[in-house]
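Chemist: Let me begin by handing over the structure; questions about it come next.
Quick note: the coordinates plus some simple rules give every number you see, no bench work behind them. The structure displayed is predicted, hence computed values, not measured ones. Note that we place each Cβ from the backbone using ideal geometry, even for glycine, and neighbour counts take in every protein chain shown.
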Amino acid sequence: MAAYVIAGGIKGVMLTDALQGTIMLVGMVALLGITYTKLGGFTAAHATLTHLTPQVPAALTAIGHQGWTSMPVFGWAAPGAPPAEAARYTLWWTMVSTIVMGVGIGVLAQPQLAVRYMTVKSVRELNRAVFIGGIFILAMTGVAFVVGALSNVYFFNSAEFKSISLVAAGKNVEEIIPLYIKKFMPFWMGDVFMITLLAAAMSTASSQFHAMGAAAGRDLYDNLAQTTGDTKSILTTRLGILLTFIASVSLAYILPMYIGGLYSRGITKAGAIWGSVSGFVASALWLVFVHHQEASALLICQKLFGKASLLEGKTSGFVFWQEVDALVIALPLSAIVTIVVSMITKKFEKEHLDSCFAEIR
């Protein structure tokens, strides 16, 4: 992977991404097709899954699980209601704010995608990419969600397990799909699925490494050395890519800055910086002190305040705060800060903006 990223640059990454994306698409479609075929077709598979609703564990029912073909319970507890009543709406928030929005919106803020955005020649091509990308995301995450749920049908009807997938896998959710493929799929599907996983990992990693290496060579070196695209700049970029294989870094929630850079002339440098910082800080604080899954594991809030989450058991209408993902808080805050700071800080020169937006129609 390091070889083709360093030698091929963005072209190498894009070409291998196309190949890896094709492998991923074939692997996931094969997984879905075999699943439906062996379970008797689309209608029969989902009808059987619906009939398994009484098998939902009591612990999941308590937080709003209504079966694998229904959304969790939506609503809110009345003021003064016991904790058990408030907990009934926990799963809805977890599913919507973490899985639905985290995948549907959060994926757009991945740092490596910024490079892709900036290579698009026009808005028309960007819109085309959104359509194709939407289908691809549905094929990837949609298949995972569907097959994960349908695995319950196989395990429950299996003479070996006679239980839902969570129980069959020893309550280890990470073992469900591997066990399902091992027991239910043709022998060759395990190899295909492994190649699919490797393709997904390599595609993401190569894009991230290129983005960080390019930042080192073009953004840092070119600005400090006052050069543009010379031999040393290229070598620095390649060195930056290599170093990211050794020490990778994580970036903040910066989707608003991407959107602003693509579509607005009014976003300023200060607005982008402060929006990025506010998104990162809000996300970090929310994960450490509020969102129950991370806060309870980190134990920082427990040590400082004597409880797993500062908003443990707190609700506002239908909002169950300890289950709200950081994305729901950090992303709007980052967008607001970006817009407000851009309104009160110095704008870029008109000539500079005209050159940036010259090819955007």
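Chemist: Note down the nm distance, to one decimal, between modelled labels 7 Å out along Cα→Cβ at VAL130 and at SER316.
Modeler: Spacing of the two 7 Å Cα→Cβ label points: 2.9 nm.
Chemist: Let me ask something else. In debye, nearest 20: dipole of the range 253-361 around its Cα centre with unit charges on the Cβ of K, R (+) and D, E (-)?
Modeler: Working: 9 positive and 8 negative charges, 54 e Å.
Roughly 260 debye, rounded to the nearest 20.
Chemist: Rounded to the nearest 0.05, what FRET efficiency do ALA297 and PHE357 have when you use their Cβ-Cβ distance and R0 = 45 Å? If you can, show how the numbers build up before the last one.
Modeler: Values: r = 45 Å, r/R0 = 1.00.
E between ALA297 and PHE357, to the nearest 0.05, is 0.50.
Chemist: Cut-off is 10 Å between beta-carbons; in what order do ASP17, ASP191 appear when sorted fewest neighbours first? Write down the numbers at each step before the final one.
Modeler: On the way: ASP17 18, ASP191 11.
Taking fewest neighbouring Cβ atoms as first place, the list is ASP191, ASP17.
Chemist: Got a sec? How would SER151, SER316 order by Cβ neighbour count within 10 Å, fewest to most?
Modeler: Exposure proxy ranking, most exposed first: SER316, SER151.
Chemist: Then there's this: Taking the number of other C-beta atoms within 10 Å as the exposure measure, put ILE105, ILE273, ILE132, ILE329 in order starting with the fewest.
Modeler: Working: ILE105 13, ILE273 16, ILE132 9, ILE329 20.
So the ranking, lowest neighbour count to highest, is ILE132, ILE105, ILE273, ILE329.
Chemist: Could you tell me which of the pairs LYS162/LYS183; LYS171/LYS307; LYS171/LYS303; LYS121/LYS347; LYS38/LYS171; LYS38/LYS162 are separated by over 22 angstrom between their Cα atoms in the structure shown?
Modeler: Numbers: LYS162/LYS183 13 Å; LYS171/LYS307 26 Å; LYS171/LYS303 29 Å; LYS121/LYS347 24 Å; LYS38/LYS171 24 Å; LYS38/LYS162 17 Å.
Violating the 22 Å Cα-Cα cut-off are LYS171/LYS307; LYS171/LYS303; LYS121/LYS347; LYS38/LYS171.
Chemist: As an exercise, use a Förster radius of 22 Å and the Cβ-Cβ distance of SER122 and LYS11 to find the FRET efficiency, rounded to the nearest 0.05. Present the calculation step by step, with values, prior to reporting the outcome.
Modeler: Values: r = 20 Å, r/R0 = 0.91.
Here the calculated transfer efficiency is 0.65.
Chemist: Ok, one more. What is the distance, in nm, between label points placed 7 Å from the Cα along the Cα-to-Cβ direction at GLU174 and at LYS347?
Modeler: About 5.1 nm separates the two model spin labels.
Chemist: Mind giving me the FRET efficiency for VAL281 and VAL103? R0 is 22 Å, r the Cβ-Cβ distance, nearest 0.05 is fine.
Modeler: Working: r = 24 Å, r/R0 = 1.08.
The value I calculate is 0.40.
Chemist: Roughly how many Å is it from the Cα centre of the range 138-193 to that of the range 32-60, as a whole number?
Modeler: Spelled out, the Cα-based centre of one part sits 11 Å from the other.
Chemist: Using a basic spin-label model with each label point 7 Å from the Cα along Cα→Cβ, how many nm lie between LEU19 and LEU198?
Modeler: It works out to 1.2 nm between the two label points.
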